[in-house]
Amino acid sequence: MEAIILAGIARRVLDELLKNPYKTIEIRGARNVVALERARELGRVFLTYETYQDIAPGTEGLLAELLKLDSMEQRIPWKESDEREITVCRAQIRLLGLGRVVKVRERNTVLMVEVREMMPHEMDMG
């Protein structure tokens, strides 16, 4: 199954998604924001704790359906940053299952992966 990578997702979020298959996540990282915008077409994302640079065949994570996506601009105090606004995406997702990356390719600065769905006993997410 093909999906777009959301990398560097907190373990807490992954654990919560396993307990409740419907979740709204808030994404602020520029690379993941762009990935979510591109995921609108495909409708599937692959969430993993691994960093973007560490994604390779064998990477494990969660496969989810993108149900709804809202983008918004948030102002940040000028003393804390050189920027005044950041883009935040709120994505409502539904867990489809556990997965392992089989193939990775980059398309327009976004990582696309071919994912093999797995059974819970096959997972080794630490």
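Taken together, the values in this text are just the output of simple stated rules run on the coordinates, not laboratory data. All of these numbers come straight from a predicted model, not from anything done at the bench. Ideal geometry is used to build each Cβ from the backbone, glycine not excepted, and the neighbour counts take in all protein chains shown.
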Legend entry - Label-to-label distance, nm, for residues given as Ala56 and Ile86 (7 Å Cα→Cβ offset): 3.0 nm
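Using +1 on the beta carbon of Lys and Arg, -1 on that of Asp and Glu, and nothing else charged, what's the dipole of the chain about the Cα centre, debye to 20?
On the way: 20 positive and 21 negative charges, 46 e Å.
For this selection, approximately 220 debye.
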Legend entry - Unit charges at the beta carbon, dipole of the chain: most positive-side option, Leu66, Ile55, Gly99: Leu66
Legend entry - Interchain or long-range residues, amide H under 5 Å from Gly97's placed H: Leu63
Inset, instruction - Be a star and scan the stretch 22-41 for residues whose amide nitrogen sits under 18 Å from the point 7 Å along the Cα-to-Cβ vector of Asn108. - result: 30-41
Inset, instruction - Please identify, among Glu85, Glu60, Glu37, the residue showing maximal mean-square fluctuation in a Gaussian network model of the chain using a 10 angstrom Cα cutoff. - result: Glu85
Legend entry - Crossing angle, helix 30-42 versus the chain [Cα axis fit, 0-90 degrees, rounded to tens]: 60 degrees
Legend entry - Convex hull of the chain built on C-alpha atoms - directionally averaged projected area, nm²: 8.0 nm²
Inset, instruction - Kindly count the pairs of lysines across the chain whose alpha carbons are less than 28 Å apart, treating pairs on different chains or eight or more residues apart as eligible. - result: 5
Inset, instruction - Calculate, for Glu65 and Ala10, the FRET efficiency according to 1/(1 + (r/R0)^6) with r their C-beta to C-beta distance and R0 25 Å; round to the nearest 0.05. - result: 0.80
